[in-house]
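The values are calculated or read from the model by the stated rules, or taken from the named source; none is laboratory data. Quantities reported herein were computed from a predicted structural model and do not represent experimental measurements. Quick reminder, even Gly has a Cβ in these numbers, built from the backbone with ideal geometry, and neighbours come from all protein chains shown. For accessibility, only protein heavy atoms count, side chains too; no ligands or nucleic acids. Shrake-Rupley method; radii C 1.70, N 1.55, O 1.52, S 1.80 Å.
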Amino acid sequence: MRDKFFVTTPIYYTNGIPHIGHAYSSLIADSIARYQKINGKKVKFSTWVDENSQKALDKANEIGMEIMPYLDMMAKEHKNVWDWLKINYTDFIRTTEARHHKLVREVLQKSFDNGDIYEGEYEWMYCVGCESFKKDEDLVYMNITTKETFPITDKIKPSSNIIKVCPDHLKEPQTLKEKNYFFRLSKYEQALKDFYKKNPEFIVPQDRFNEVLAFVDRWLEDFSISRETNKFGIKLPFDESQVTYVWYDALFNYVTVCDQNDLGKQEMEFWPADLHVVWKDIIRFHAIYWPAMLMSAGYELPKNVLTTGYFTVDGQKISKSLWNAIDPVEFSAKYSKDLLSLYLLSSFNIGQDWDFDQKQAILTYNAKLANNFWNLLNRAVVLTMKMELENGLDSKVSEENLWIFKWLDFSVSSIWYKIDNLNNSSIDKIDWNFNSLFSLYNENFDKHMSSYNLKLSLDLSFKFLDSLNLYVTQKEPWTLMKDESKLEEVKEIMYTICEWVRQVSLNLYPFFPEKMSEVFNALNLKDYKSRLEAWELKILREEKVVFDIKEKAPILFEKFELE
Ligand code: MSP
């Protein structure tokens, strides 16, 4: 029996089509899912759309469409984007589906029956000047004596002299009251703290987890889970005049896809989720509300939540009205999907905020894939063919003396923990052969992938290719080749290059599956794609291969000009 792995993306709002920020979360989940699969896990990967939202209703009204035809159209558009980007999801969920309504009503009833949901009164803030509802983040504090305004922080509490006002009208918003139902979050304070203590890596990266812990330490308030005024959404089973508001509806999508997949099959063996990928804006809901809601409904808790940072474009929030929402399909059609994936996944650590820089994206791709990787592969293929070996390049020639240690870039020595204490002069004395170097590379690659540090896995692979390029340039096999007596040495060098490219390509497959399949073809490695898809990564890594290259490879990574 293979172990399971269940990864989710956030479900996306459908008031617009996905932009580069949405594509970022889907690409992260996609490469993790692919890696887990080739590494032997039975993978479930769910994604799609959050439909029961006021935003979608407003948008449909704005363009004069009925809500359901609008949602059908948008769901299809979203699916097209993910299909175009070849996101390898296994499950698609729309929150308007009957299976989801059924599950959400069941869990709401459970929590209502055990006393975790109760009736209360919800206060809204409304600015008459703006004619709209306001949240705390839309307001500022104002000192009524000096009329000075400043941002609202947790550190200052409102008083008779400090009031919350609308920043445009400098007036206190009106307070409106509505009957609502609340979730008793306060009851779960200790249980949550115990859970965090037992699972110190629940939230990745750690600094986000620290923020969540600090927040839980300050206060946990019960939160509203329904609205009387909303008409579109899932009705509460115990009070049909109310509709669920946001969190029950959105978060439980992750359970619905296990309760009943797209084909109506139960797959609860995948629950709990191994990984939810979300951005920092919704981390509190995933890290605090979600575990408490699950405990209340009697489900196990997810294992990890990976929190991404915030993307801007040209230093500005991504927004339709600013015309800066880069369309991932258009962008990758113009350049390539590999360029998009490489830039997004290798340029910054997960959790970090980042400004999308098109020029930098092109430079990164040209350096790493078009130069570094393509040069090596092309040299490997062309030079091996030139040798016209009858039986291909055999691994036997290289068992003993194939070193590229000398050429390894020691700026990565912190990653190479086993060679941390060595300096360049002692490198020649290391008694490791070729294979132990691969084990070390693969061990570290796996370590980073398992802790969802995609950037480090990619960095490690490209550093290796850099070192290998240096090795080839210094060895000059094309010159040695002219001397008959050096043929054995050339074979060793060529074998080193081919084998390294093979090892690195196996690990890069989850990031660039189409291109790496072509690399395997170029090296004449038969059935590699299907064998990887049949979970054989570990076997392939260990396999001794003969490189029997007979054909020149097509250009796989073309360079792009800067505009
Ligand atoms: N529907 C909710 C999520 C519910 S999950 C149970 C939602 N939708 S969203 O469409 O606004 O955003 C969904 C996700 O898209 C975010 O969680 C985030 O991962 C990604 N991003 C959207 N804009 C982004 C940026 N500007 N930067 C980084 N990620 C972005 O929230």
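Side notes on the structure shown:
- Taking the stretch 357-381 as the range and being open to solvent by 10 Å² or more (accessible area, probe 1.4 Å), of a type outside the set (D, E, K, R) and out of contact with any helix residue (DSSP H, G or I) (no Cβ under 6 Å at 6 or more places or on another chain) as the test, the residues that pass are GLN358, GLN360, LEU363, ASN366, ALA367, ASN371, TRP374, ASN375, ASN378.
- Wholly within the stretch 205-282, helices (runs of 4 or more DSSP H) carrying at least 1 residues that are away from the ligand (no atom under 16 Å from the Cβ): 206-218
- Condition check for PHE150: under 30 Å from TYR24 (Cβ atoms) and part of a strand (DSSP E or B): no
- Selection status of LEU57, at negative phi, open to solvent by 10 Å² or more (accessible area, probe 1.4 Å) and touching a residue at least 60 places away in the same chain (Cβ under 8 Å): yes
- Tally, over the stretch 524-563, of residues that are small (Gly, Ala, Ser) and surrounded by 18 or more Cβ atoms within 10 Å (Cβ to Cβ): 1
- Failed item, numbered, when LEU294 is tested on (1) more than 10 Å from the ligand (Cβ to nearest atom); (2) touching a residue at least 40 places away in the same chain (Cβ under 8 Å); (3) outside any loop (DSSP other than H, G, I, E, B); (4) in contact with a Leu (Cβ under 8 Å, 6 or more places away or on another chain): (2)
- Here is the figure for the stretch 237-258: residues that are more than 16 Å from ASN52 (Cβ to Cβ) and either surrounded by fewer than 19 Cβ atoms within 10 Å (Cβ to Cβ) or of a type in the set (Ser, Thr, Tyr) (or both) total 3.
- Any chance GLU300 is within 30 Å of ASP217 (Cβ to Cβ), outside the structural domain of LYS198 (by TED's automatic domain parsing) and over 21 Å from the mean Cα position of the chain (by Cα): yes
- Of everything in the stretch 213-233 that is at pLDDT 90 or above and out of contact with any strand residue (DSSP E or B) (no Cβ under 6 Å at 6 or more places or on another chain), the residue that is least open to solvent (accessible area, probe 1.4 Å) is VAL216.
- Where SER319 falls short, out of the listed (1) open to solvent by less than 50 Å² (accessible area, probe 1.4 Å); (2) among the hydroxyl-bearing types (Ser, Thr, Tyr); (3) within 20 Å of the chain's Cα centre (by Cα); (4) within 10 Å of the ligand (Cβ to nearest atom): (3)
- Residue list for the stretch 157-187, restricted to those being out of contact with any strand residue (DSSP E or B) (no Cβ under 6 Å at 6 or more places or on another chain), under 25 Å from TYR245 (Cα atoms) and open to solvent by 60 Å² or more (accessible area, probe 1.4 Å): LYS179, ARG184, LYS187
- Of all residues in the stretch 461-489 being modelled with pLDDT under 90 and aliphatic (A, V, I, L, M), the one that is farthest from PHE511 (Cα to Cα): LEU487
- Looking across the stretch 1-20 at every residue that is open to solvent by 20 Å² or more (accessible area, probe 1.4 Å) and over 18 Å from TYR254 (Cβ atoms), the one that is nearest to the ligand (Cβ to nearest atom) is identified as HIS19.
- Qualifying residue in the stretch 119-136 (condition: touching a residue at least 40 places away in the same chain (Cβ under 8 Å) and in contact with a helix residue (DSSP H, G or I) (Cβ under 9 Å, 6 or more places away or on another chain)): yes
- When restricted to residues that are surrounded by 14 or more Cβ atoms within 10 Å (Cβ to Cβ) and not in a helix (DSSP H, G or I), the stretch 66-119 contains 14.
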